[in-house]
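Working notes for the structure below.
Please treat every number below as a calculation from the coordinates, not as lab data. All of these numbers come straight from a predicted model, not from anything done at the bench. Methodologically, a virtual Cβ is constructed for each residue, glycine included, from the backbone with ideal geometry; neighbour enumeration extends over all protein chains shown.
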Amino acid sequence: MKFFLDTANLDEIRDAASFGVLDGVTTNPSLVSKEGEQKGFKDLVREICEIVKGPVSAEVLSTDIERMIDEARDLAEIHEHVVVKMPMTEDGIKATKIVSDEGINVNVTLIFSPSQALVAAKAGAAYVSPFVGRLDDISEFGMEMVGDIVQIFDNYNIKTEVLVASVRHPLHVVEAAKMGADIATMPYKVFKQLLKHPLTDIGLEKFLADWGKGK
Ligand code: G3P
C-alpha cells in the first residue's frame, strides 16, 4: 500500500519524506490556501515534486470543460510527477476523458459513491479519490464505499488506483489496507500517528533501564 501526504506544507512533506516511506502527495485548493501559496502555486507544486519524487496531485480551479482542459495541460507541464486533480462533475468527467487520452494522469476528486468512482475510472482516471471522513461526518460509513469500489475494480480488472482521501485517523489507513485500497493520503498528524504505540515507548524505556542494571 502506498502512503501519500495530504498537505501543501513543505516542512511536513520534507519530514515525512525523510522516513523513506512516502510515495506521493495530494494537495487541494484549501490546503494550498492554508499555506498562503495561491500566487506561487506552480513553484510550490514543482518543489513538492522534487522532494517527493512520486505522484503529486494539483487541482484545477475552473469548472467549465474548456478551461479545465487548458488548466490540466498547464499543470501537467510543471513536472513529470504532476497528477491533475479534477472534480467529480459532468464537465470534470468529460475533461478527464480528453486529457487522459492525451496521456495526462488524472485524479478524480470529491468522490462519495461507488457509481461516481466507476464513471471516473471509465473516463480514464489514473486515480479516484473517495472521501471517507466527510461521509463519516454525515453518519454514513466512508469505508464501506471504499470496500465497494475496490471490489468493483477487482471484478473488472480496472487499473485505476483507489486513493483513499479525507483520512482522519490511523484506523482509516488500516481499514483501507485490509480492503486492498492502493493508496491512503493522510494529514501529517495521521502519518506520525501510524508509527506510535505507547507500549513501544514503555518497552524501550524498560529495555534500556534493565541494561543499565546489569552493569
Ligand atoms: O485532499 C482531499 C481530502 O483528503 C480532504 O480531506 O479532511 O478536508 O475532508 P478533509
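Laid out as a table, the results:
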item: Relative contact order [Cα under 8 Å, 6+ residues apart], segment 61-133, whole percent; result: 27
item: Max mean-square fluctuation residue, GNM over the chain, Cα-Cα springs under 10 Å, options HIS81, HIS197, HIS172; result: HIS197
item: Size-normalised alpha-carbon gyration radius of segment 11-97, reference 2.2 N^0.38 Å; result: 1.11
item: Overall form of segment 95-158 per C-alpha gyration tensor (a/c, 1.5; a/b vs b/c); result: oblate
item: Ellipticity estimate at 222 nm from DSSP helix runs (n ≥ 4, -39,500 (n - 2.57)) divided over the chain, nearest 500; result: -16000 deg cm²/dmol
item: 11 Å beta-carbon shell around LYS192, net charge (K/R +1, D/E -1); result: 0
item: Highest-first arrangement of 115-123, 160-168, where packing means the average Cβ count within 10 Å; result: 160-168, 115-123
item: √(5λ) per eigenvalue of the Cα gyration tensor, the chain, largest first, Å; result: 34, 21, 14
item: The chain: relative contact order as a whole-number percent, Cα under 8 Å and 6+ apart; result: 17
item: Principal axis dimensions, largest first and in whole angstrom, of segment 126-173 by Cα; result: 31, 16, 15
item: Where labels lie 7 Å past Cα in the beta-carbon direction, separation of TYR188 and LEU171 in nm; result: 2.6
item: Calculated FRET value between LYS94 and LYS196, using beta carbons and R₀ = 41 Å, to 0.05; result: 0.40
item: Cα-only Debye scattering, segment 98-201: base-10 log of I(q)/I(0) at q = 0.13, 0.14, 0.22 Å⁻¹; result: -0.47, -0.53, -1.10
item: Net charge of Cβ neighbours under 14 Å - reference ILE93; Lys, Arg +1; Asp, Glu -1; result: 0
